[in-house]
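Nothing in this text is a laboratory measurement; each read-out follows from the coordinates by a stated rule. Everything quoted here is computed from the prediction, not taken from an experiment. Using ideal geometry, Cβ is built from the backbone for each residue, glycine included, and neighbour counts are taken over all protein chains shown.
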Amino acid sequence: MARSGFYAWRQRQEAPGKRAADNAVITAEITAVFEEHRGFYGSPRIHQELRASGRHVGRHRVARLMRRAQLRARTRKAFRPCSKAGAGALGVVENLLQQDVQPPAPNRCWAGDITYICQATSKTGPEATRKLVHPVERARQDDKVSGCTPSLEPMVLETAVQTPQDVEAMQRLSAAGWGRRRIAKELGCSPETVRKYLRQRGWQPYGKPCRNTVLDGQREWLRQRFLAHRGNADVVRQELASEKGIKVSLRTVERAVEPWRRELRNAALATVRFETPPGRQLQADFGQCLVSIGGERVRVHLAVLTLGHSRRLLVRAFRSEKQDHWLQALEEGFRHWGGVPKEVLVDNARALVSQHDPERQILVFAQRLEEFASYWGFKPRACRPYRARTKGKDERGVAYVKRNAIAGREFSSWAEFEAHLVRWTREVADLRVHGTTGEAPLQRFLREEAQALQPLPEKPSFLAERELVRIVHSDCCVEVEANWYSAPQALIRQRVSVLVRDQQVLIRHGGRIVAEHRRQRPGSRSRQVIDGHWEGLLPQRQQREAERSLRDASATGVQEQERRMVRSSELARPLAVYAELIGEVAA
């Protein structure tokens, strides 16, 4: 995760924000409403209660806060009417008529009906139990409370059918010969609901109605343009208005292209794992992290090289990520493994790749990388831009080095840090059991990949001698490695060839050497001027002052360097001095 994300999370833990405070207040109100109704209210009813009390909050937020507070509404067990004497019967008396509806005389029997409605009791309350009450008596009780005229209209309680199990029950009851009204009474729904599900022969999920839109005839055109613009719906909307004359909102276009957006998202996430044969591929990448060196946090650039078949690693640390560091790490990898792979896969760093356009199949490597590849005999390759997972073996290796070799460790010096990386690679990375191959990288390398690498040619380092092209500045100097070397003043504004060797810098023009300098330490920002290169460029007095200033600056730098460098021999004393002092103290 990002470092800023971690500190933001820790700050939220220490000092919750306004959103967390509001959630705490709303949760307290939800709990109060939940307890007031004895746990029978769910999120929809609690949301209505909060809105009625003036609290503006969304229904989904109420449900989310109830889940966090582990508040779950209690459900009532469905009531099954019982009209036969036995277990569970409520006030069922003996059947005296025996279904004889023809009495011998008036006033011998009464015909009526009963229903089951909710009735409060002193023990359980209005929502907890159901009691058998005559509808006329119930209506009279309600009228006494409301003060209205008596009404004998039946009370219809109906619940929505939402599950496939209810529809299956409808089909079973219909097959048994039950009618729609009887099924509706049994399941507590409308007869029309029973009719609808029996007509469609099964349960069907609710879906959006199919409506005709202005984009119905443009599906293929929309798909082509949407994929061509890599998922930018706003550009598709603009082209739709300019080319087709159809003006719609951005939201309309987004709804139309939603299936293809998912297709693009899945294509971006999908990755096919591939394995390379022994000696075929080397993956190289740079990563950076902060390391505690000498009591200070230093930004370190890590070069991680991974052999594609055996997963054997090589880690080198640098203070920056320049082209020379890439090439130096590769050379050290070749010499460490004793061979050169057939191809090297890198990412699209500016130091290595000048241009990469996969759509037009254009890939241009840096000229020096091509010369380096030709020098050692391998083929350079680059992964797709913004698709680092196409170089997944090494990307995972960089994270492994950061979390295993560096995390939580401190070093007293840069040399100790480099020695730790070498030791960790030899004792940990080479001997661990790899999660993909199931064996140690060193064993797999020695058994299969060491013999498959190309033989390492007996050549000096490619970095020992290199040729650069520079333009002579107006001060008769060329810049190489943050140092300045003079050239004849006749070559100002002209292109020259600079050959950099181990201890020497040669400037050539027209096939001949025009200047020869001693190579300075890279980055020292020093200036070397050969006598005669400023001849005729400045008046004699200004030329002498410039040469004197260069000598003074050089002498000052040498004195400062000598002042800082103190040899241990100058601080050392003969042992006899210490022996004499010890003898005097003892005496």
> Can you give the FRET efficiency for Arg432 and Arg335, using 1/(1 + (r/R0)^6), R0 = 30 Å, r = Cβ-Cβ distance, to the nearest 0.05?
Replying inline: 0.80
>> If each residue of separation counts as 0.36 nm, what is the full-extension length gain between Ala73 and Arg230 once their alpha-carbon separation is subtracted?
In response: 51.9 nm
>> Using Cβ contacts closer than 10 Å as the measure, can you line up Ser461, Ser474 from fewest to most?
In response: Ser474, Ser461
>> Less than 14 Å Cβ to Cβ from Ser412, Lys/Arg counted +1 and Asp/Glu -1: what total charge do the surrounding residues give?
In response: -3
> How far is it, in nm, from the label point at Arg255 to the one at His37 when both lie 7 Å from their Cα along the line to the Cβ?
Replying inline: 3.2
>> Shape verdict for region 469-512, please, from the Cα gyration tensor: rounded (a/c under 1.5), prolate (a/b greater than b/c) or oblate.
In response: oblate
> In terms of the Cα gyration tensor, with a ≥ b ≥ c the square roots of its eigenvalues, is region 281-455 rounded because a/c is under 1.5, prolate because a/b exceeds b/c, or oblate?
Replying inline: oblate
>> Assuming 0.36 nm per residue, please report the length gained on full extension of the stretch Cys289 to Ala268 beyond their Cα-Cα distance.
In response: 4.8 nm
> Taking K and R as +1 and D and E as -1, what net charge do the other residues with C-beta under 13 Å from the C-beta of Val498 add up to?
Replying inline: +1
> Considering the zone a paramagnetic label at Ser354 would reach in this model (a point 7 Å from Cα along the Cα-to-Cβ line), which residues of region 450-493 have amide N under 15 Å from it?
Replying inline: 468-470
>> Once R0 is set to 41 Å, what does the formula 1/(1 + (r/R0)^6) return for the Cβ-Cβ distance between Arg219 and Ala175, expressed as a FRET efficiency to the nearest 0.05?
In response: 0.45
>> Please compute the length gained on full extension between Ala399 and Ala490, using 0.36 nm multiplied by the number of residues separating them and subtracting their Cα-Cα distance.
In response: 27.4 nm
>> Need one number: nm distance between label points at Glu448 and Arg548, each 7 Å from Cα along Cα→Cβ, rounded to one decimal.
In response: 7.4
>> For a test of the definition: using alpha carbon positions, the gyration tensor, and the 1.5 limit on a/c, classify region 320-359 as rounded, prolate or oblate.
In response: oblate
> Too long at a 27 Å Cα-Cα cut-off: which of Lys402/Lys459; Lys342/Lys459; Lys379/Lys402?
Replying inline: Lys402/Lys459; Lys379/Lys402
> Between region 310-336 and region 13-29, what's the alpha-carbon centroid distance in Å?
Replying inline: 51
> So if R0 is 25 Å, what FRET efficiency would Arg3 and Arg319 give, r being the distance between their Cβ atoms, rounded to the nearest 0.05?
Replying inline: 0.75
>> Please give me the summed charge of the neighbours of Trp337: other residues whose Cβ is under 9 Å from its Cβ, Lys and Arg +1, Asp and Glu -1.
In response: +1
